[in-house]
Amino acid sequence: MTHIVERLNQAGIGMLVDGTHLERVLPGEEVEPQPDGTARIITPVADRVKPPCRHFKSCGGCAMQHASDEFVGTWKTKIVERAMTARDLPFPFRTLHTSPAQSRRRARLSGRRTKKGAMVGFHAKGSDALIDVPDCQLLLPSIIAGFPALEALTVIAASRKSEINLTVTDTLGGLDVFVETERELTGQLRIELAGLAEAHNLARLAWNDDVVVTRKSPDQMFGQTRVAPPAGAFLQATREGEQALVSAVLETVRGAKRAVDLFSGAGTFTLALAEHAEVHAVENSEDMLQTLDRGWRHAKGLKTVTTEARDLFRRPLEPDELNRFDLAVLDPPRAGADAQIATVCASKLRNVAMVSCNPITFSRDSAALVAAGFTLEWIDVVDQFRWSPHVEVVGKFTRT
Ligand SMILES: C[S@@+](CC[C@H](N)C(=O)[O-])C[C@H]1O[C@@H](n2cnc3c(N)ncnc32)[C@H](O)[C@@H]1O
């Protein structure tokens, strides 16, 4: 029996009128649910495209390759709009930026031993099976070119039964690889791994909490400043997405002399802002702040940057601390910045830029700002999680 797909939920899964969930379908399509849970497409809609990646059918790394870029962009923008209007908030949408194919600079892959050696890839849709993805259209080609190194690491790090995680990041010095494994790091293993890093020209190799070798500094450019974030530390997903977010945040710094960057990480926004204003960077990871500080000390021509390690959920900056600044930038984790936003509202701050990877907590925190007298000037939507259901958003808030 055929059905028409009514809508997609926030995970990109199609909903039929009777409540059935179907993956990889689009609204308006006539489909026939199959016993294995997949859908046979009877009448496709114009937004359906041939998936650009040959692995899409089996790989669980992407969810939306069957839809055109226009469809995905509009759908993600609507997700943000719905989150805002559900709280009676305005949605002054300005632009959508979509990162190109083959631009993801950081990937968390899995590695498994095989009879022939090892396999590295993403898991299949809703399963433990590992899919080899040599022609992945999501990741930067430099990461794909590093698969032989990742496979060689898997042979060493994984047991016959267990899988390992490999976080690989493209850096100015080459690939930065962080291995999570149950195998203990011994002196002998350290020597073997250093040889492997040399043979595969890795920038840095970290084994659980230990950095085994740093052959070249695993730098990123934050504004004009080179920074080497700690192994496995947060980084915006693509250079293009980061650029779109930084440009938007920089628009809010005009005229500001002192800014505070809350949830600063290793300084993505801090070091770009410091080209224009003094910045106080606050974050709970000491390692990230040390990196940020080192980058700032080696840079030329930046205004003063100070750092403070602090848990902003438990101990947000208080209103009297915030009153020293002309601008606050917030980029919290998915949970949002509930406690910190409450003190921003109680402060005399007049300019806020808020970045978020979660439209739900973004709208909750926006509602608090608006209730405290802020106006939401604009919102940009940044799709740096191409072909996934995730979306990033940045907004500017002012009050007089
Ligand atoms: C979405 S990331 C943004 C990082 C940075 N703004 C960037 O763009 O690279 C969120 C940051 O918040 C930090 N963080 C998480 N929980 C925190 C907390 N309770 N207090 C302070 N910082 C926290 C994380 O370490 C991470 O660096």
Dividing the alpha-carbon radius of gyration of segment 101-168 by 2.2 N^0.38 Å, where N counts its residues, gives 1.05
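If you add up the charges near residue 361, with Lys and Arg at +1 and Asp and Glu at -1, over every other residue whose beta carbon is less than 9 angstrom from its beta carbon, what do you get? Mind dumping the intermediate values first?
Details: positive: 334, 364; negative: 338, 365.
Once positives and negatives cancel, what remains is 0.
When the helix-only estimate is applied to the chain (DSSP H runs of n ≥ 4, each -39,500 (n - 2.57), divided by the residue count), what is the mean residue ellipticity at 222 nm, nearest 500 deg cm²/dmol? Before the final figure, lay out the partial values.
Details: 10 runs with 102 residues, N = 400.
Mean residue ellipticity, 222 nm, calculated: -7500 deg cm²/dmol.
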Whole angstrom only: what separates the Cα centroid of segment 212-274 from the Cα centroid of segment 25-64? 37
Within 14 Å, Cβ to Cβ, of residue 260, how many net charges do the neighbouring residues add up to if Lys/Arg are +1 and Asp/Glu are -1? -2
Counting DSSP beta bridges with both ends in segment 41-141, the antiparallel % (nearest 5): 90
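Calculate, in nm to one decimal, what residue 50 and residue 399 gain on full extension: separation in residues at 0.36 nm each, minus their alpha carbon distance. Present the calculation step by step, with values, prior to reporting the outcome.
Numbers: separation 349, 0.36 × 349 = 125.64 nm, distance 4.70 nm.
The residue 50-residue 399 span can extend by a further 120.9 nm.
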Got the relative contact order for segment 193-335 handy, in percent, Cα pairs under 8 Å and 6 or more residues apart? 22
Explain nothing, just the number: relative contact order of the chain, from Cα pairs under 8 Å at least 6 residues apart, as a whole percent. 14
Whole-Hz ³J(HN,Hα) from phi, Karplus 6.51 cos²θ - 1.76 cosθ + 1.60, for segment 153-162, glycine and proline x: 5, 5, 4, 7, 8, 9, 8, 4, 9, 9
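Express as a percent, rounded to the nearest 5, the fraction of DSSP beta bridges in the chain (both residues included) that run antiparallel. All intermediate terms of the calculation are to be shown ahead of the outcome.
Values: 54 of 81 bridges.
Just about 65 percent of them are antiparallel.
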Taking placed amide H atoms and a strict 5 Å upper bound, the residues 5 or more places from residue 171 or on another chain that come that close are 176
In debye, nearest 20, what is the charge dipole magnitude of segment 244-347 about its Cα centre with +1 on Lys and Arg Cβ and -1 on Asp and Glu Cβ, if you could check? 280
Given R₀ = 41 Å, what would the calculated FRET efficiency be for residue 184 paired with residue 247, taking r from the Cβ atoms and rounding to 0.05? 0.35
Sequence-distant residues sharing a close amide H with residue 375 (under 5 Å, placed H): 398, 399
Under a Cβ-only charge scheme (Lys and Arg +1, Asp and Glu -1), can you give me the dipole magnitude of the chain about the Cα centre, in debye to the nearest 20? 480
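What ranking do 238, 95 get, fewest neighbouring Cβ atoms within 10 angstrom at the top?
Numbers: 238 25, 95 12.
Ordered by Cβ neighbours within 10 Å, fewest first: 95, 238.
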Dipole-positive endmost among 387, 141, 237 within the chain (Cβ charges, Cα centre): 141
What list of ³J(HN,Hα) couplings, whole Hz, do you get for segment 282-288 from phi and the Karplus terms 6.51, -1.76, 1.60, once you set θ to phi - 60° and write x for glycine and proline? 10, 6, 8, 9, 4, 4, 5
Candidates 383, 170, 338; GNM for the chain (alpha-carbon contacts under 10 Å) flags as most fluctuating 338
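Pull up the DSSP beta bridges for segment 169-217 and report the antiparallel fraction as a percent, rounded to 5.
Values: 7 of 11 bridges.
Approximately 65 percent, going by the DSSP bridge assignments.
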Partners for residue 161 among lysines (Cα-Cα distance below 22 Å; same-chain residues under 8 apart left out): 115, 116, 125
Contour minus Cα-Cα distance for residue 70 and residue 315 (0.36 nm per residue): 84.0 nm
For segment 248-257, what does the Karplus curve 6.51 cos²θ - 1.76 cosθ + 1.60, with θ = phi - 60°, yield as ³J(HN,Hα) per residue in whole Hz, taken in order and with x for Gly and Pro? 5, 5, 5, 4, 7, 8, 3, x, 7, 9
Using amide H atoms built 1.01 Å from N in the peptide plane, name the residues 5+ places from residue 215, or on other chains, whose amide H lies under 5 Å from its own. 204, 205
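Order of 282, 370 from fewest to most other C-beta atoms within 10 Å?
370, 282
Between Rg and the Kirkwood Rh of segment 177-302, both from Cα atoms, what is the Rg to Rh ratio? Please list the in-between numbers first.
Values: Rg = 16.9 Å, Rh = 16.0 Å.
Over the Cα atoms of segment 177-302, Rg/Rh equals 1.06.
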Can you tell me the convex hull volume per residue for segment 1-160, based on C-alpha atoms, in Å³ to the nearest whole number? 156
Write down the Kirkwood hydrodynamic radius of the chain, to one decimal in angstroms, obtained as one divided by the mean of 1/r over all alpha carbon pairs. 22.8
The chain, Gaussian network, Cα under 10 Å: of 293, 128, 311, the residue fluctuating most is 128
Cα-based radius of gyration of segment 307-388 once divided by 2.2 N^0.38 Å, which approximates compact folds: 1.11
What net charge is computed for the residues neighbouring residue 56, neighbours being all others with C-beta under 14 Å from the C-beta of residue 56, Lys and Arg scored +1, Asp and Glu -1? +4
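For segment 284-329, state the average projected area of the convex hull of the C-alpha atoms over all orientations, rounded to one decimal in nm². Before the final figure, lay out each step's value.
Details: hull surface 15.6 nm².
Orientation-averaged projected area of the Cα hull: 3.9 nm².
For a quick check: sort 8, 196, 292 by the number of other beta carbons within 10 angstrom, fewest at the front.
Fewest to most other Cβ atoms nearby, the residues stand as 196, 8, 292.
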Segment 243-400: C-alpha pair distances exceeding 23 Å, %: 31
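Read the figures in this text as sums done on the coordinates, not as results from a lab. Not measured: the values here are computed from a predicted model. Ideal geometry is used to build each Cβ from the backbone, glycine not excepted, and the neighbour counts take in all protein chains shown.
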